[in-house]
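A short write-up of the structure that comes next.
The values are calculated or read from the model by the stated rules, or taken from the named source; none is laboratory data. A quick note: this is a predicted structure, and the numbers were derived from the prediction, not measured. Neighbour counts run over all protein chains shown; Cβ positions are idealised from the backbone, glycine included. Keep in mind that these areas ignore ligands, DNA and RNA; they rest on the heavy atoms of the full protein, side chains included. Shrake-Rupley method; radii C 1.70, N 1.55, O 1.52, S 1.80 Å.
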Amino acid sequence: WQRFGHNAIWVRDARLGLDHTCNFGFFDFEQEQFFLRFLLGRMLYFAAAQQADDEFAQYVAENRGIRAQRLALNRAQASALARELLRAVQPENRDYLYDYYSDNCSTRVRDALDAALGEALKAATDFTPAELNRRDHTRRLTQSGFWLYLGLETVLGWPVDRPISRWDEMFLPMRMRHHFAAAT
């Protein structure tokens, strides 16, 4: 998360007394076979909702930056998003097999928003090529840490060299923010 960033959805609705974040970036060091899962890239992650003040205090304590991006959702879209987030954090739905590029904290946020928007986000970005592929982004974000850079260059296979779409590129929170800022 330090190199690639992190994403969550902040839901505020004074009428309902909501001020929570839905975060898809949790894992448990106590999970069965943690180190083997980590080495194999098969980590079990989970979604959780918590009070926004608690989440933001943790960021401040870790000296991490926070950027909030307001989304112009209509009432029906906001309700659909709230329902999807509530479904995602339920015990029977919260766990998922993390993948750095295709199923992470950012893609989970992207997918929840896309569902609330009637899949309009995917339709607008899935066939538009991204400027960089996954390896290019990985290089760009890790090159200042030589050993991390070298390790990733060594273990990443050819699939990260394929061209990707803007939809795929939203595995990175900063690219998601950029694509949402440009969306209408």
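Quickly run through segment 72-82 and pick out the residues that are of a type outside the set (S, T, Y) and assigned to a helix (DSSP H, G or I). Within segment 72-82, R75, A76, Q77, A78, A80, L81, A82 qualify. For segment 19-54, a tally of residues being over 27 Å from T138 (Cα atoms) and in contact (Cβ under 8 Å) with a residue 60 or more places away in the chain returns 0. Filtered by the rule that a residue be closer than 19 Å to D103 by Cβ and out of contact with any Ser or Thr (no Cβ under 6 Å at 6 or more places or on another chain), segment 131-157 gives N133, R134, R135, H137, T138, L141, V155, L156, G157.
Among the residues of segment 140-158, count how many are in contact with a helix residue (DSSP H, G or I) (Cβ under 8 Å, 6 or more places away or on another chain) and surrounded by fewer than 16 Cβ atoms within 10 Å (Cβ to Cβ). Total meeting the criteria: 3.
The number of residues in segment 159-170 being of a type in the set (K, R) and surrounded by fewer than 16 Cβ atoms within 10 Å (Cβ to Cβ) comes to 1. Restricting attention to segment 93-138 and to residues that are part of a loop (DSSP other than H, G, I, E, B) and touching a strand residue (DSSP E or B) at 6+ places or on another chain (Cβ under 7 Å), the residue that is least open to solvent (accessible area, probe 1.4 Å) turns out to be A130. The set of residues in segment 171-184 that are under 18 Å from G25 (Cβ atoms) and either in contact with a Ser or Thr (Cβ under 6 Å, 6 or more places away or on another chain) or exposed (fewer than 12 other Cβ atoms within 10 Å of the Cβ) (or both) comprises F171, P173, M176.
On the given criteria, is E92 free of Cβ contacts under 8 Å to residues at least 12 places away in the same chain and under 21 Å from W10 (Cα atoms)? No, not satisfied. In the set D28, D13, only one residue is within 20 Å of the chain's Cα centre (by Cα), over 24 Å from M170 (Cα atoms) and open to solvent by less than 90 Å² (accessible area, probe 1.4 Å); that residue is D28.
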